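So the structure is just underneath, and the comments pick up after that.
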Amino acid sequence: MTNIVVIGAQWGDEGKGKIVDLMSEKADVVVRFQGGNNAGHTLVVDGVTYKLQLLPSGIVRGKTSVIGNGVVVNPWGLREEMKRISDLGTKISPDVLKISDQATLILPLHQELDHMSEEAAGKGKIGTTGKGIGPAYQDKVARRAIRVGDLAEPETLRMKVDNLLLFHNGLRKGWGQPLIDADDLMKQLTEIADFILPYAVPGWKILADKIDEGKAILFEGAQATMLDNDFGTYPFVTSSNTIAGQAAVGSGVGMKYIDKVVGVVKAYTTRVGAGPFPTELFDSDGDHIREKGREYGTVTGRPRRCGWFDAVLVRQAIRVNGIHSLAVMKLDILDEFDEIKVCVGYDLDGKKLDYFPMQFNASANVKPIYETLPGWKSSTFGVRDYAKLPENAKKYLKRLEELLGVKIGMISTSPEREDTIIIENPYEN
Ligand code: IMP
């Protein structure tokens with residue numbers, strides 16, 4: 001069976017949820033492999049809108065849904081999310097939802113630290129989602145994290161809690177914050193253990209068994225390439241690796257079992273939080289995209305920064321992920337423009353660049369070199385057939401393919417699953 005990774009190729013919020021949902025029809029298992037409840041995946045199924053944060057998108061269709069070892073799990077947040085989604089009629093049981101016992105827990109102290117660091121950073125803040133993602137990954141890398149499976153061994157848990165607090169209380173003391181009592185934290189963890197442990201499994205093994213049974217696995221990326229901890233616009237990034245290679249690391253499925261990578265992009269660009277964004281628009285064009293595209297964060301409600309499509313960034317994303325084909329989302333948002341711009345290169349102090357530089361000043365100062373294409377000035381909303389797209393919309397998409405060197409396999413023209421033009425089905429080609 002074909003195992004496919006779906007990845008965001010810009011700064012997130014590309015609409016991966018819809019593509020994963022669409023593709024999950026052919027998949028048996030959907031796996032999250034990085035990030036946590038900083039993600040916001042919106043699915044519209046039979047007119048019902050589901051806003052998922054940590055749960056893999058497959059859950060809504062009853063597919064086996066795995067939260068992999070590379071994910072950071074806030075068990076209290078997960079409990080709330082499961083309640084919210086269950087209330088919409090989705091059945092969630094340990095038969096369907098599997099959480100890797102090797103996944104790292106996000107604790108209340110991580111969320112507090114996230115807020116404290118952002119506040120202390122003042123102007124230099126990252127603009128995080130405030131969910132404690134960074135501090136949880138810091139503890140993971142520093143080898144003091146508490147993992148899901150640790151909740152099953154109270155004695156080990158106590159040792160781990162003491163060790164964790166040695167670090168965090170030292171830090172909190174320095175920051176003038178109240179110290180955390182180990183007994184209190186143990187109490188909280190013991191209570192939440194009863195909720196989460198029935199879902200805890202060796203994730204890699206479950207997936208190995210599924211592969212042996214010939215099941216198809218869909219890897220659901222969160223955030224996106226330009227928020228990757230190595231390849232994104234560091235330090236204005238998230239704290240996990242978000243690129244396709246992480247699908248193997250964050251799930252325990254070896255590379256040889258992964259067949260394809262589908263990249264998801266919007267027909268324009270958005271970003272939430274701080275950091276460089278060469279094609280950002282500060283004028284009425286940007287406002288038009290924001291309002292028509294309803295570009296407000298799913299998790300935080302923040303208005304998203306909006307701009308033209310940046311082919312340089314996406315070309316970079318195609319290479320670092322190894323993307324086979326692209327899904328272009330929200331084409332209809334561009335319907336009213338007279339002209340549409342695409343960034344084809346950068347100018348840095350008179351020098352032309354064909355990649356995004358990593359240096360802080362250079363990345364903030366590159367100026368986009370634009371190519372201007374005529375708009376189509378007619379509605380593409382809900383179009384399901386490529387032939388029915390206006391000629392200029394086809395020209396726009398063809399030009400993107402030329403600039404990117406990758407085929408556009410899917411085009412989305414509304415939030416509804418059915419409003420998708422499928423040119424090349426990743427499961428068939
Ligand atoms: P964190 O992941 O909460 O640490 O936030 C780090 C950066 O990633 C901030 O700029 C966030 O706005 C951004 N970010 C995190 N998750 C998402 C997402 O799902 N979509 C878009 N941006 C995100």
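Just one of G252, G221 is open to solvent by less than 50 Å² (accessible area, probe 1.4 Å) and at positive phi; which is it? First the steps, then the outcome.
Details: G221 fails: at positive phi.
Within the list G252, G221, the selection yields G252.
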- [ ] Scan the stretch 39-58 residue by residue and report those that are within 13 Å of the ligand (Cβ to nearest atom), surrounded by fewer than 24 Cβ atoms within 10 Å (Cβ to Cβ) and either more than 16 Å from R417 (Cα to Cα) or among the hydrophobic types (A, V, I, L, M, F, W, C) (or both).
- [x] G40, Q53
TODO: Determine which member of the set A364, A387 is over 26 Å from the mean Cα position of the chain (by Cα), of a type outside the set (D, E) and not in a loop (DSSP other than H, G, I, E, B).
DONE: A387
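Being within 23 Å of E14 (Cβ to Cβ) and of a type in the set (D, E, K, R) narrows it down to one residue among K394, K352, K367, K377; which is it?
Numbers: K352 fails: within 23 Å of E14 (Cβ to Cβ); K367 fails: within 23 Å of E14 (Cβ to Cβ); K377 fails: within 23 Å of E14 (Cβ to Cβ).
When all the criteria are applied, what remains is K394.
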Open item on the list: Can you tell me which condition I7 does not meet? The list is (1) within 16 Å of the ligand (Cβ to nearest atom); (2) out of contact with any strand residue (DSSP E or B) (no Cβ under 7 Å at 6 or more places or on another chain); (3) β-branched (V, I, T), and all the others hold.
Closed with: (2)
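Please find, among V60, V71, V66, V96, the residue that is at pLDDT below 95 and either among the hydrophobic types (A, V, I, L, M, F, W, C) or touching a helix residue (DSSP H, G or I) at 6+ places or on another chain (Cβ under 7 Å) (or both).
Being at pLDDT below 95 and either among the hydrophobic types (A, V, I, L, M, F, W, C) or touching a helix residue (DSSP H, G or I) at 6+ places or on another chain (Cβ under 7 Å) (or both) holds for just one of V60, V71, V66, V96, which is V60.
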Task: Residue check for S86: away from the ligand (no atom under 14 Å from the Cβ), among the small types (G, A, S) and more than 22 Å from Q34 (Cβ to Cβ) - done: yes
TODO: Just one of (1) more than 16 Å from the ligand (Cβ to nearest atom); (2) open to solvent by 40 Å² or more (accessible area, probe 1.4 Å); (3) over 23 Å from I67 (Cβ atoms) trips up D209, so point out which.
DONE: (3)
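Filter the stretch 115-167 for residues that are among the basic types (K, R), within 14 Å of the ligand (Cβ to nearest atom) and open to solvent by 50 Å² or more (accessible area, probe 1.4 Å) and give the result.
Initial filter on the stretch 115-167 (among the basic types (K, R)): 123, 125, 131, 140, 143-144, 147, 158, 160.
Those left that are additionally within 14 Å of the ligand (Cβ to nearest atom): 125, 131, 140.
Result: K125, K140.
Go over the candidates L107, L88, L97 one by one and state the one that is under 22 Å from the mean Cα position of the chain (by Cα), aliphatic (A, V, I, L, M) and surrounded by fewer than 23 Cβ atoms within 10 Å (Cβ to Cβ). Spell out how you get there, then give the answer.
Working: L107 fails: surrounded by fewer than 23 Cβ atoms within 10 Å (Cβ to Cβ); L88 fails: under 22 Å from the mean Cα position of the chain (by Cα).
Going through L107, L88, L97 in turn, the sole match is L97.
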- [ ] Name the single residue, out of those in the stretch 214-228 being in a loop (DSSP other than H, G, I, E, B) and under 15 Å from V31 (Cβ atoms), that is nearest to the ligand (Cβ to nearest atom).
- [x] A222
- [ ] Under 8 Å between Cβ atoms, at least 6 apart or on separate chains: pull out the pairs that start in the stretch 83-95 with a residue that is within 12 Å of T49 (Cα to Cα) and among the hydrophobic types (A, V, I, L, M, F, W, C) and end on any residue that is open to solvent by less than 60 Å² (accessible area, probe 1.4 Å) and assigned to a helix (DSSP H, G or I).
- [x] I85/I59; I85/V60
TODO: Could you tell me which residue of the stretch 11-38 is most open to solvent (accessible area, probe 1.4 Å), considering only residues that are farther than 28 Å from R290 by Cα and away from the ligand (no atom under 15 Å from the Cβ)?
DONE: E25
Task: Boolean, P390 is open to solvent by less than 30 Å² (accessible area, probe 1.4 Å), in contact with a Ser or Thr (Cβ under 7 Å, 6 or more places away or on another chain) and under 29 Å from F219 (Cα atoms) - done: no
TODO: Restricting attention to the stretch 407-426, report how many residues are within 15 Å of A267 (Cα to Cα), modelled with pLDDT of 95 or more and in a loop (DSSP other than H, G, I, E, B).
DONE: 1
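The values are calculated or read from the model by the stated rules, or taken from the named source; none is laboratory data. Just so it is clear, the structure is predicted and the values come from calculations on it, not from any experiment. Neighbour counts are summed over all protein chains in view; Cβ atoms, including those assigned to glycine, are modelled from backbone coordinates with ideal geometry. For accessibility, only protein heavy atoms count, side chains too; no ligands or nucleic acids. Shrake-Rupley method; radii C 1.70, N 1.55, O 1.52, S 1.80 Å.
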